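Read-outs: derived from the displayed coordinates by stated rules, not from any lab. Quick caveat: nothing in here was measured; it's all calculated off a predicted structure. In this analysis, Cβ positions are derived from the backbone assuming ideal geometry, glycine residues included, and neighbour counts consider all displayed protein chains.
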Amino acid sequence: MYRDALISVIVPIYNVEKYLEKCIYSITNQTYKNLEIILVNDGSTDNCSTIIDSFIKLDNRIKYFFQENAGLSAARNTGIENASGDYYLFIDSDDYIHPRMVEILYNNLKEYNADISICDLHWIEEGESVGEYVDNNPMVYSGKDVLRKLIGDDLISVVAWNKLYKKEIFEEIRYPVGRIHEDEFVIHRILAKCHKSVYTDAKLYFYIKRKGSIVSTQSSKSLGDGFLAFCERFVWAFPKKDKVFTDWCFDVMLNEANYIIYKTNTDEHEVLVRNVKKMIEQILKDLPFSTHITWRKIIVGKVWIRNPKKGNSLRRYLHC
């Protein structure tokens with residue numbers, strides 16, 4: 001093991017009394033011991049405060065912050081702003097982690113001189129138990145490959161909570177307060193700051209699939225925020241002059257627009273559809289001529305604004 005650096009583990013907490021004890025216990029019992037455990041109670045109204053108090057009495061590595069409910073992004077930001085560690089790790093309070101997660105991520109990061117260390121995750125049903133054996137097989141990505149990892153493995157790359165970050169990555173980055181799908185708004189900016197990343201297929205993060213979680217809940221707010229994040233990513237990517245990544249960002253944006261139009265039926269659906277079309281129209285209107293995106297995609301986009309079905313048919317015909 002490399003010399004122990006201080007690692008800040010940031011846990012935003014809101015009304016998860018059923019899961020919180022297991023989450024905190026999995027952090028306090030890590031094989032890597034030099035941790036600063038930052039618990040941010042985002043205005044919970046259940047028994048979370050009592051559970052947190054019991055752990056504070058047992059472990060002096062815990063730093064506790066209570067704030068009025070402001071959402072996941074605000075809680076994460078509070079954790080970042082009060083962190084003293086050289087590295088940051090985010091854990092959602094209704095999940096838990098493998099006893100060696102911090103150790104493995106840190107060792108991989110140091111061995112390959114990476115800016116970010118990523119692991120795979122294990123999707124589990126409530127009450128399901130998983131084994132503790134892991135086989136660490138690191139893979140290294142550098143330069144544009146760090147961003148392009150998003151293309152091949154969207155979920156693993158997008159989420160905040162299966163990664164160990166150098167603190168410098170967050171010097172100018174915070175999560176957008178008031179937005180759902182907050183990870184989608186910042187992940188490309190995070191990865192762009194990484195000259196090298198290391199990924200292991202070891203399943204070290206245990207994500208509990210539960211009803212009512214942000215991931216499982218669909219609403220006009222959730223869909224609208226997710227689509228806005230994809231639009232902002234495309235606009236951000238365009239001047240980077242990476243044609244492969246820019247084309248992919250365009251595809252994701254249009255795919256999400258189609259999903260909203262044809263696959264969802266939420267509250268205020270018609271308003272949401274109108275807003276989606278307006279956003280794409282404005283993006284294409286402001287887009288300068290460039291060789292950094294396939295011209296066929298621009299044509300498809302302009303047709304799609306006027307008639308999504310025809311735009312999708314043209315997209316299939318042009319194979320883009």
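Data table
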quantity	calculated
Average Cα contact separation per residue, region 1-103, under 8 Å, 6 or more apart, as relative contact order %	47 percent
Long pairs among Lys196/Lys241; Lys166/Lys240; Lys167/Lys277; Lys166/Lys243, criterion Cα-Cα beyond 31 Å	Lys167/Lys277
Label-point separation in nm, Lys18 to Phe66, each point 7 Å along Cα→Cβ	2.4 nm
Set of aspartates and glutamates with alpha-carbon distance to Lys285 below 20 Å, sequence-local pairs under 8 removed	Glu232, Asp247, Asp251, Glu256
Gain upon complete extension [Leu284, Val140; 0.36 nm per residue less C-alpha separation]	48.3 nm
Modelled FRET efficiency - R0 22 Å, Lys209 with Asn265, Cβ distances, 0.05 increments	0.45
For region 304-320, Karplus couplings with θ = phi - 60° (6.51, -1.76, 1.60), whole Hz, Gly/Pro x	4, 4, 7, 7, x, 5, 5, x, 5, 5, 5, 4, 5, 5, 8, 6, 9
Cut-off under 5 Å, modelled amide H: who pairs with Glu36 long-range	Ile7, Ser8, Val9
Label-point separation, Glu128 to Arg316 (7 Å along Cα→Cβ), nm	3.4 nm
Residue-count net charge about Ala75 - beta-carbon cut-off 12 Å; Lys, Arg +1, Asp, Glu -1	-3
Pairwise centroid distance, computed over Cα atoms, of region 95-133 with region 180-199, Å	18 Å
C-alpha long axis of helix 101-111 to longest principal axis of the chain, angle in °	70 degrees
Helix-derived mean residue ellipticity, 222 nm - over the chain, DSSP H n ≥ 4, -39500 (n - 2.57), to 500	-14000 deg cm²/dmol
Convex hull per residue volume in Å³, alpha carbons only, for the chain	142 Å³
Residues Glu168, Glu125, Glu184 arranged by fewest to most Cβ contacts within 10 Å	Glu125, Glu168, Glu184
